[in-house]
Amino acid sequence: MSKLPSKDIHRQITDKTSLGLKVCLMGDGRVGKTSLILRYTQNAFSPEYKQSLGASFAVKALELHGQEVKLVIWDLGGQPTFHQVRRHYYIGAHGALLVFDLTSPATFMTLENWIIDFRRVVPEGKVVLVGNKRDLETKRKVPRVAAEMLQKWWNVPYIETSAATADGVTKAFLILARTALEHLKRTDS
Ligand SMILES: Nc1nc2c(ncn2[C@@H]2O[C@H](COP(=O)(O)OP(=O)(O)OP(=O)(O)O)[C@@H](O)[C@H]2O)c(=O)[nH]1
Ligand SMILES: [Mg+2]
């Protein structure tokens, strides 16, 4: 993933042949944000943890309903030290994956803080709730029904994923891209 060359990113977003959609990954440290992006953009996985410092982005081109789309995916370090800086990267986002770790109730309990912070900057931004590390089923501590309650409460899609096995990963990004695109078209027209 690349660092932050703002001119490049601007060129990618304003590329006339395709539509730029900016999405962010949010959620506590170690929930698997970087791993989900790595799986989606490079079909790769590393079992080692390397804490993300600040922010970086990856770009993925795709076609949605006959429309070429460039998904600009921002990876924001989830550790508390990045709390202040993170908000700046939400600006202009069309949507976000809000990720927690199915084996860690603590990462589930903080979800509301994340969505409040995001909606403060982007009130209309689309959110998809993601329960990651589904492959660790025997260590699961957050039951599906708990996440589904939150899903209903917030009226957002909920998907369980595994960056380790790729299960659900493409689906999560596609749902986010689709809802963000529909939202963009509605607000543009
Ligand atoms: N078994 C399993 N391990 C995973 C999965 N996703 C991520 N991991 C592991 O969990 C650890 C943390 O993953 P990261 O992707 O670095 O987490 P992060 O959310 O980006 O963390 P920060 O950068 O600190 O915010 C790493 O050791 C990953 O290999 C998964 O789906 N299954
Ligand atoms: Mg990371």
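Within region 38-91, can you find the residues that are over 20 Å from Thr179 (Cα atoms), among the β-branched types (Val, Ile, Thr) and at pLDDT 95 or above?
Passing the criteria: none in range.
Across region 135-189, what is the total count of residues that are touching a helix residue (DSSP H, G or I) at 6+ places or on another chain (Cβ under 9 Å), over 25 Å from Leu19 (Cα atoms) and in a helix (DSSP H, G or I)?
4
Inspect all residues belonging to region 99-107 and state whether any of them is at pLDDT 95 or above, more than 10 Å from ligand 1 (Cβ to nearest atom) and under 22 Å from Leu181 (Cβ atoms).
no
Go through Ala180, Ala164, Ala147, Ala172 for me and flag whichever is out of contact with any strand residue (DSSP E or B) (no Cβ under 7 Å at 6 or more places or on another chain) and crowded, with 18+ Cβ neighbours inside 10 Å. Lay out the reasoning, then the answer.
Details: Ala180 fails: out of contact with any strand residue (DSSP E or B) (no Cβ under 7 Å at 6 or more places or on another chain); Ala147 fails: out of contact with any strand residue (DSSP E or B) (no Cβ under 7 Å at 6 or more places or on another chain); Ala172 fails: out of contact with any strand residue (DSSP E or B) (no Cβ under 7 Å at 6 or more places or on another chain).
That would be Ala164, the only listed residue that is out of contact with any strand residue (DSSP E or B) (no Cβ under 7 Å at 6 or more places or on another chain) and crowded, with 18+ Cβ neighbours inside 10 Å.
Need the failing condition index for Gln151 against (1) in contact (Cβ under 8 Å) with a residue 12 or more places away in the chain; (2) more than 26 Å from His83 (Cβ to Cβ); (3) away from ligand 2 (no atom under 16 Å from the Cβ), just the number.
Failing condition for Gln151: (2).
Tell me the residue from Tyr89, Tyr49 that is of a type in the set (Ser, Thr, Tyr) and either touching a residue at least 24 places away in the same chain (Cβ under 8 Å) or surrounded by 13 or more Cβ atoms within 10 Å (Cβ to Cβ) (or both), please.
Values: Tyr49 fails: either touching a residue at least 24 places away in the same chain (Cβ under 8 Å) or surrounded by 13 or more Cβ atoms within 10 Å (Cβ to Cβ) (or both).
After applying the criteria, what remains is Tyr89.
Can you tell me which of Leu62, Leu111, Leu76, Leu71 is within 16 Å of ligand 2 (Cβ to nearest atom) and in contact (Cβ under 8 Å) with a residue 40 or more places away in the chain? First the steps, then the outcome.
Details: Leu62 fails: within 16 Å of ligand 2 (Cβ to nearest atom); Leu111 fails: within 16 Å of ligand 2 (Cβ to nearest atom); Leu71 fails: within 16 Å of ligand 2 (Cβ to nearest atom).
Sole residue among the options that is within 16 Å of ligand 2 (Cβ to nearest atom) and in contact (Cβ under 8 Å) with a residue 40 or more places away in the chain: Leu76.
Taking region 32-52 on its own, how many of its residues are within 9 Å of ligand 2 (Cβ to nearest atom) and either part of a loop (DSSP other than H, G, I, E, B) or hydrophobic (A, V, I, L, M, F, W, C) (or both)? Write out each step before concluding.
The initial filter retains those residues of region 32-52 that are within 9 Å of ligand 2 (Cβ to nearest atom), namely 32-35, 37, 49-52.
Narrowing further to those that are either part of a loop (DSSP other than H, G, I, E, B) or hydrophobic (A, V, I, L, M, F, W, C) (or both): 32, 37, 49-52.
Residues flagged as within 9 Å of ligand 2 (Cβ to nearest atom) and either part of a loop (DSSP other than H, G, I, E, B) or hydrophobic (A, V, I, L, M, F, W, C) (or both) within region 32-52 amount to 6.
Is it the case that region 81-89 has a residue that's among the aliphatic types (A, V, I, L, M) and outside any helix (DSSP H, G or I)? Steps first, please.
At the first step, the residues of region 81-89 found to be among the aliphatic types (A, V, I, L, M) are 85.
In the following step, the residues that additionally are outside any helix (DSSP H, G or I) were identified as none.
No.
The values are calculated or read from the model by the stated rules, or taken from the named source; none is laboratory data. Here the structure is a predicted model, which is why all the values come from computation and not from measurement. Glycine gets a Cβ as well: all are built from the backbone with ideal geometry, and neighbour counts include every protein chain shown.
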